[in-house]
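**Q** Quick one: the structure is below, and I'll ask about it shortly.
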Amino acid sequence: MEPHSLDHERVDRRPPLIDGARDFHSITEAVSRPVETKVPQTWYIVFGIGTSLLLLLVGSTGYLFYEGTGIWGLNNPVAWGWAIVNFVFWVGIGHAGTLISAVLFLFRQKWRTSINRYAEAMTIFAVMCALLFPTIHVGRVWLMHYVFPIPNQMDIWPNFRSPLLWDVFAVSIYGLVSTIFWYVGLIPDLATVRDRATKKWPQRIYGFLALGWRGSNRHWQNYEVAYLILAGLATPLVLSVHSVVSFDFAVSQLPGWHTTIFPPYFVAGAIFSGFAMVITLMVVSRKMFGLERLITMRHFDAMAKVILLTGTIVGYAYSVEFFVAWYSGNPYEGFAFVNRAFGDYAWAYWIMVSCNVLSPQVFWFKKARTNLKVLFIISIFVNIGMWFERFVIVVTSLHADFLPSSWGYYTPTLWDVCALLGSFGLFFTMICLFVRFLPMVAMSEVKGALPEANPHFVPPDDEPGESIEASPVAAKAEPVPDPEPTPEPETEVSAEDGSADENVETDDSEQEEPNDGE
Amino acid sequence: MASSENKTPLFGVLAEYASPRDIFHACEKVRDAGFEKWDAHTPFPVHGLNKAMGLRASKVPWVALVMGLTGVGGALLLQWWTSAVDYKLIIAGKPYFSWPAFVPICFEVMVLFAALGAVLGMFHFNRLPQLYHSLFHSKRFERASDDAFFISIEAVDPKFDSEKTAQFLKELGATHVELVDD
């Protein structure tokens, strides 16, 4: 008998996290099906495109190693071209995955359960793409191990005061920790796939990967604690990683880079672009694999709100940069920003502003947040806009620095384009393999977020007033008295969602369904 | 269900329950009956079941803490030794041991070590990986990762008696009870 019983009886008046079928087994079925059955034809099309682009990456990178970074459009003032732009772009994409998996976990946002697995996978693949670019950008890639503090024949060590070295540690540790976090989350679901497998090899492979997980509560106890610690570590990690990435710029002396606003501004931009990528991928995958009941319009609605918030923060950062450039009284700083908006690269700057600041403003309207076509189009705009943001930051600051005699103009070559397209090839190939061979929704977590998962849940047939089940409006208007005041509400019922919404049996999905048609 | 009792050694008794509510109350009763070598098996962590089973707090956080501190200390030591002892270089006019510049890497390495500590600690206390377990003999147990809830009481428990324990679990609302070979 714990004192916080009222909290437990709170009614969640929002639509359920999961539409329609809401028992444990149907979740297992819906999520395991893509792993166990033939994939739809569209998967082969996407996979084909992905692997073709991956081949392009392998080929163009091979030529790069043979010939050197001179094949790219890099020149003397602009020594950091698309490779660094792509690096920052991909790291940023990854951050939404960690935000969904870790930060929203700490905030007990149960809506994350339907999308966290997918978003975490996206993080890992995006970090792979990101790590690719600095690696191939070093030129002599076979000497890449010099970035690590490994004893070598010169007896010299890396410079630990350099943000570029911090970056090596931050991004590679981020990749490792994200992978660990993802795998730990996968273990119970791999056990599910193992237990359902009927053929020998799937049984063995998934059985090996599941490590003999048997759902033991003594295991769950340690597991949940470890998961909480990982979430608690990943949260500051994700903030630190993009801060460190921004130090690559901010710690230098270059006007346009040397600003203290960079760390928070980069983190907001990263979350912004990452959520856009999650929406892009989700709209396609849920359609492809029929996961409409698990990934509902409520999830898209929430993600669109995050995009609106972070997009507006990014817009604010753009304006503060201009303010500080003027207020500092530094002529070089002032020139850098006037040049950014009205100079040679003004076209890139205004593409960035319209995609990142203006386009997400449609998400003030619920109609836009719950319309898949609008969501998809805006998410593509945001992806483009955020790529251009990094382009603007890297190139406009470099191409016209202190000495007009050294100014130049940067134009990418075909090989730059190949590397960028190729990185998308790597990304989409990995995503395709992931949705084919691993459960793309965290089954155990979705089950745990159902109202039935609460040990004090009262089955609906025990309740009076169940006749109004068909009308959610009526259900909302008339709070049904709890027939059996639950005796021992000693669970950690979160203040937010789900756990006690037995009174709202809205099995339909009223206002969402009409827009579901994309 | 008592057919194989005397031929092969017995692992214990496995009882299936229909819902988180049923297993929650059953666990409270098994705990109060004084069993020690027993466990609950659920497709997802059921809130409050740790308390219902009378489990003590997990030790995983201590492993993560020790590992995290090791990470910070190790990273600081590495950066100090390489920059201020082994190969001194003046860079940007800073002191050899310019510790503020070493903070980012200390932090990142702390995160890595603590994360490894949490996961490896979890595996250690859970005795995982353990690809073979007697409970996998039960066909019904496959649904422990789907939608079924089980309590298993091991034969090595001092209070265990195959007939009485099975009957006890049945009385706690089990939909199905079986004996599992070792």
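**Q** If you check residue B:117 against the conditions, is it crowded, with 22+ Cβ neighbours inside 10 Å, under 29 Å from residue A:205 (Cα atoms) and in contact with a Lys or Arg (Cβ under 8 Å, 6 or more places away or on another chain)?
**A** So residue B:117 fails the test.
**Q** Among the residues of segment A:242-256, which ones are open to solvent by 10 Å² or more (accessible area, probe 1.4 Å) and either at pLDDT 95 or above or among the hydroxyl-bearing types (Ser, Thr, Tyr) (or both)?
**A** Of everything in segment A:242-256, those that are open to solvent by 10 Å² or more (accessible area, probe 1.4 Å) and either at pLDDT 95 or above or among the hydroxyl-bearing types (Ser, Thr, Tyr) (or both) turn out to be A:243, A:252.
**Q** Among the candidates A:190, A:239, A:186, A:211, single out the residue that is assigned to a helix (DSSP H, G or I) and either open to solvent by 20 Å² or more (accessible area, probe 1.4 Å) or at the interface with chain B (Cβ under 7 Å from one of its Cβ atoms) (or both).
**A** Among A:190, A:239, A:186, A:211, only A:239 is assigned to a helix (DSSP H, G or I) and either open to solvent by 20 Å² or more (accessible area, probe 1.4 Å) or at the interface with chain B (Cβ under 7 Å from one of its Cβ atoms) (or both).
**Q** In addition: Scan the helices (runs of 4 or more DSSP H) fully inside segment B:1-90 and keep the ones with 2 or more residues being open to solvent by less than 70 Å² (accessible area, probe 1.4 Å) and under 30 Å from residue A:156 (Cα atoms).
**A** B:60-80
**Q** Just checking, how many residues over segment B:119-148 are in contact with an Asp or Glu (Cβ under 7 Å, 6 or more places away or on another chain) and more than 7 Å from chain A (Cβ to nearest Cβ)?
**A** Residues that pass the stated criteria total 5.
**Q** Looking at A:173, A:136, A:180, which one is closer than 30 Å to residue A:420 by Cα, in a helix (DSSP H, G or I) and either charged (D, E, K, R) or more than 10 Å from every other protein chain (Cβ to nearest Cβ) (or both)?
**A** A:136
**Q** Now for a separate question. From B:95, B:100, which residue is surrounded by fewer than 16 Cβ atoms within 10 Å (Cβ to Cβ), more than 7 Å from chain A (Cβ to nearest Cβ) and out of contact with any helix residue (DSSP H, G or I) (no Cβ under 9 Å at 6 or more places or on another chain)?
**A** Sole residue among the options that is surrounded by fewer than 16 Cβ atoms within 10 Å (Cβ to Cβ), more than 7 Å from chain A (Cβ to nearest Cβ) and out of contact with any helix residue (DSSP H, G or I) (no Cβ under 9 Å at 6 or more places or on another chain): B:100.
**Q** Pull up segment A:358-374, narrow it to residues that are among the polar types (S, T, N, Q) and assigned to a helix (DSSP H, G or I), then point me to the one that is nearest to residue A:384 (Cα to Cα).
**A** In this case the residue turns out to be A:359.
**Q** Please find, among A:201, A:220, A:157, A:142, the residue that is at the interface with chain B (Cβ under 7 Å from one of its Cβ atoms), open to solvent by 30 Å² or more (accessible area, probe 1.4 Å) and aromatic (Phe, Trp, Tyr).
**A** A:157
**Q** Taking segment A:105-134 only, how many residues are open to solvent by 20 Å² or more (accessible area, probe 1.4 Å), more than 30 Å from residue A:443 (Cβ to Cβ) and in contact (Cβ under 8 Å) with a residue 60 or more places away in the chain?
**A** Residues that pass the stated criteria total 1.
**Q** Please go through segment B:137-182 and pick out each residue that is open to solvent by less than 10 Å² (accessible area, probe 1.4 Å) and in a strand (DSSP E or B).
**A** B:149, B:150, B:151, B:152, B:153, B:180
**Q** Scan segment A:277-286 and tell me whether some residue there is out of contact with any strand residue (DSSP E or B) (no Cβ under 7 Å at 6 or more places or on another chain), in a loop (DSSP other than H, G, I, E, B) and open to solvent by less than 40 Å² (accessible area, probe 1.4 Å).
**A** No, the conditions are met nowhere in segment A:277-286.
**Q** Does any residue of segment A:227-244 turn out to be among the aromatic types (Phe, Trp, Tyr) and under 22 Å from the mean Cα position of the chain (by Cα)?
**A** Yes, because at least one residue in segment A:227-244 is among the aromatic types (Phe, Trp, Tyr) and under 22 Å from the mean Cα position of the chain (by Cα).
**Q** Just to be sure, is residue A:137 surrounded by fewer than 23 Cβ atoms within 10 Å (Cβ to Cβ) and more than 21 Å from residue A:71 (Cβ to Cβ)?
**A** no
**Q** Here's a follow-up. Could you run through segment B:132-148 and say how many residues are touching a Leu at 6+ places or on another chain (Cβ under 7 Å) and either of a type outside the set (Ser, Thr, Tyr) or within 24 Å of residue B:70 (Cα to Cα) (or both)?
**A** Final tally of qualifying residues: 2.
The values are calculated or read from the model by the stated rules, or taken from the named source; none is laboratory data. Just so we're clear, the structure is a prediction, and the values are computed from it rather than from any experiment. Glycine also receives a Cβ, built like all others from the backbone with ideal geometry; neighbour counts cover every protein chain displayed. Please note that ligands, DNA and RNA were not included when accessible areas were found on the heavy atoms of the full protein model with its side chains. Shrake-Rupley method; radii C 1.70, N 1.55, O 1.52, S 1.80 Å.
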